[in-house]
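Below is one structure, written out as structure tokens; the observations come after it.
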């Protein structure tokens with residue numbers, strides 16, 4: 001069963017950053033889809049919890065170099 005994690009990221013400076021983030025996240029095993037909004041810094045990630053857990057997804061985003069907090073799905 002797929003889960004959704006919604007994050008707020010600070011410091012997204014350009015649309016190129018958005019494209020790079022989406023590519024890296026989508027290429028991560030267990031992440032089925034990721035969308036990043038440049039205008040409000042919201043990241044929506046659909047993932048398979050049997051392959052990757054919430055903590056690993058969150059760490060993956062933080063490792064991209066952005067200050068990040070969980071808005072939804074952090075259980």
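The values are calculated or read from the model by the stated rules, or taken from the named source; none is laboratory data. All values derive from a computational prediction rather than experimental measurement. Here the Cβ positions follow ideal geometry from the backbone for every residue, glycine too, while neighbour counts run over all protein chains shown.
Structural remarks
- Selection of region 23-39 for residues being crowded, with 16+ Cβ neighbours inside 10 Å and within 15 Å of residue 65 (Cα to Cα) yields 25, 36.
- Restricting 61, 18 to residues that are buried (at least 18 other Cβ atoms within 10 Å of the Cβ), at pLDDT below 90 and not in a loop (DSSP other than H, G, I, E, B) narrows the list to 61.
- Selection within region 24-34 - touching a strand residue (DSSP E or B) at 6+ places or on another chain (Cβ under 9 Å) and not in a strand (DSSP E or B): 24, 25, 26, 28, 30
- Filter result for residue 53 (closer than 13 Å to residue 2 by Cα, at pLDDT below 95 and exposed (fewer than 15 other Cβ atoms within 10 Å of the Cβ)): yes
- The one condition from (1) closer than 17 Å to residue 18 by Cβ; (2) in a loop (DSSP other than H, G, I, E, B) that residue 51 does not meet is (1).
- Listed by first and then second residue, the pairs with beta-carbon distance under 8 Å, at least 6 apart or on different chains, first residue in region 48-63 and on the phi > 0 side of the Ramachandran plot and free of Cβ contacts under 8 Å to residues at least 12 places away in the same chain, second surrounded by 18 or more Cβ atoms within 10 Å (Cβ to Cβ) and in a helix (DSSP H, G or I), form an empty list.
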